[in-house]
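Below is one structure, written out as structure tokens, with a few remarks after it.
Read-outs: derived from the displayed coordinates by stated rules, not from any lab. Just so we're clear, the structure is a prediction, and the values are computed from it rather than from any experiment. Glycine also receives a Cβ, built like all others from the backbone with ideal geometry; neighbour counts cover every protein chain displayed.
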Amino acid sequence: MADWNLKIIKHEVIDDDWPDLSYLGEYADNIPAGTDEDCVILLDADEEWRYFVANVPLDAVNAQTGKPYTRRTKQRYARQQYERMERYNDNDWSMAGLYVEAIVTNDNDDRLFSTRSSGLWNVENDSGKEYYESIWAEEMVEITERLAEITAITITPEQIAEAIKYAEEV
């Protein structure tokens with residue numbers, strides 16, 4: 001059996017060029033049937049689209065009171081979703097994919113191979129460092145399990161820390 005050495009573990013953030021922004025809403029020429037009118041923003045006449053239909057669930061409730069959203073709350077929420085979408089269109093923020101990559105050496109033939117976690121996509125790039133770190137922690141679990149399958153050894157937390165430190169130095 002070969003001796004495997006964990007060389008580098010690095011966190012990666014890459015642009016998500018085809019994000020799904022439907023959680024915010026969508027631009028439309030017509031208001032879809034069944035849409036709550038409080039969730040629709042009428043756009044200026046010279047805009048490409050006539051409406052922005054915010055994605056506000058019809059059965060949305062206030063988490064604190066358990067009561068359905070008021071009309072005013074739905075309108076405010078729709079406006080926030082529209083403004084967020086417009087900031088995306090103005091490149092004020094973007095979507096990213098986050099994953100972890102491990103590079104491993106084989107002592108028998110010095111052959112390098114790498115593997116990476118499946119990653120999480122459609123992450124808002126302004127989500128904050130703590131959110132990114134929570135995603136990377138989940139990705140580290142996946143990559144550690146994958147390395148154990150590939151190399152038939154357990155990667156220790158110390159080896160992971162050393163590999164991350166080495167990656168930051170190179």
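Given the DSSP H assignment, sum -39500 (n - 2.57) over each helix run of at least 4 residues in the chain and divide by its residue total; what's the result at 222 nm in deg cm²/dmol, nearest 500?
About -11000 deg cm²/dmol.
Residue-wise, which Karplus ³J(HN,Hα) couplings in Hz belong to region 58-69, taking 6.51 cos²θ - 1.76 cosθ + 1.60, θ = phi - 60°, and x for glycine or proline?
4, 9, 4, 10, 5, 5, 7, 9, x, 8, x, 4
Run down the aspartates and glutamates and flag those whose C-alpha is under 14 Å from the C-alpha of Lys165, throwing out any fewer than 8 positions away in its chain.
Those aspartates and glutamates meeting the cut-off are Glu101.
Given points 7 Å out from each Cα along the Cα-Cβ axis, report the Val61 to Ala137 separation in nanometres with one decimal.
According to this spin-label approximation, the distance is 3.0 nm.
Could you identify which residue out of Thr151, Thr35, Thr65 has the top mean-square fluctuation in a GNM of the chain using Cα springs shorter than 10 Å?
Among Thr151, Thr35, Thr65, the largest mean-square fluctuation in the Gaussian network model of the chain belongs to Thr65.
In Å and whole numbers, how far do the C-alpha atoms of the chain stretch along each principal axis, longest first?
Projected onto the principal axes, the Cα atoms of the chain cover 68, 39, 27 Å.
Write out the GluC sites (Glu not before Pro) in region 1-97 meeting two conditions: DSSP loop, and at most 15 other Cβ atoms within 10 Å of their Cβ.
Of the GluC sites (Glu not before Pro), the ones in loops of region 1-97 whose Cβ has at most 15 other Cβ atoms within 10 Å are Glu47, Glu48.
Just to be sure I understand the model, the point goes 7 Å from the Cα along the line to the Cβ. What's the resulting Asn106 to Asp20 distance in nm?
According to this spin-label approximation, the distance is 3.7 nm.
In region 125-155, whose amide N lies under 16 Å from the spot 7 Å out along Cα-to-Cβ of Thr115? List them in ranges.
Output list for this probe position: 139-155.
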